[in-house]
Amino acid sequence: MTEENNNNLGDNLDQVENVSNETEHTAEEQINTFKENASEAFDTAKEKAGELLDDAKEILGNVKDKATEFINEDGKEIYNKTKEKAAEFAEDAKASAKEFSEDAKEVYAEAKVKAKEFATEAGEKLSEFADVAEDKLEDLAEDAKESFSEAKEKTKGFFGKLFGKK
């Protein structure tokens, strides 16, 4: 009977170690997933900001080209029209640049929110895993304690019978 209790105690300790290893592995997977998602969100925001900057450069290049075209055509009349058109294009470029800037800010803000959501979700899942592991560890510890107490009582009883004590 003592050997059986020792085997039960060993099995319980093995279960505790397995639960601990599984919890650690699951936590590592969650952290890695969070890192990947946050990195992807940041890369997307960075890419979008680059695209918006390229678009703004292209618009400004077009404004310059149009202004040069007008200046080289027909002298003063064209020059005056060019000034007007250049001012219009400049306003359009400013509005577009402002819109692109706002879009970039919005994309960055969204990426920041997503990263925070990922962090919150990962924290919640890790907390859930920790709670489950804690419950299992408590149950296993209680089982081990009971097995030890039973083995102790049976050993006392055995020695009591062996030496004539009750």
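The values are calculated or read from the model by the stated rules, or taken from the named source; none is laboratory data. Keep in mind that this is a model prediction, so the values were computed, not measured. Note: ideal-geometry Cβ built from the backbone for every residue, glycine included; neighbour counts use all protein chains shown.
Taking the criterion of being modelled with pLDDT under 85, hydroxyl-bearing (Ser, Thr, Tyr) and surrounded by 14 or more Cβ atoms within 10 Å (Cβ to Cβ), would at least one residue in the stretch 42-60 satisfy it?
No, because not a single residue in the stretch 42-60 is modelled with pLDDT under 85, hydroxyl-bearing (Ser, Thr, Tyr) and surrounded by 14 or more Cβ atoms within 10 Å (Cβ to Cβ).
Can you find a residue in the stretch 151-166 that is within 26 Å of GLU17 (Cβ to Cβ), exposed (fewer than 12 other Cβ atoms within 10 Å of the Cβ) and of a type outside the set (A, V, I, L, M)?
No, because not a single residue in the stretch 151-166 is within 26 Å of GLU17 (Cβ to Cβ), exposed (fewer than 12 other Cβ atoms within 10 Å of the Cβ) and of a type outside the set (A, V, I, L, M).
As an exercise: evaluate LYS136 against (1) surrounded by 16 or more Cβ atoms within 10 Å (Cβ to Cβ); (2) farther than 30 Å from PHE34 by Cβ and give the number of the one condition it does not meet.
If we test LYS136 against (1) surrounded by 16 or more Cβ atoms within 10 Å (Cβ to Cβ); (2) farther than 30 Å from PHE34 by Cβ, just (2) comes out false.
Between a first residue in the stretch 143-166 that is under 19 Å from ASP14 (Cα atoms) and a second residue that is surrounded by 12 or more Cβ atoms within 10 Å (Cβ to Cβ), which pairs have beta carbons less than 6 Å apart while being 6 or more apart in sequence or on different chains?
Once the first residue is under 19 Å from ASP14 (Cα atoms) and sits in the stretch 143-166, its partners that are surrounded by 12 or more Cβ atoms within 10 Å (Cβ to Cβ) give ASP143/ASN12; ALA144/LEU9; ALA144/ASN12; SER147/ASN5; SER147/ASN8; SER147/LEU9; ALA151/THR2; ALA151/ASN5.
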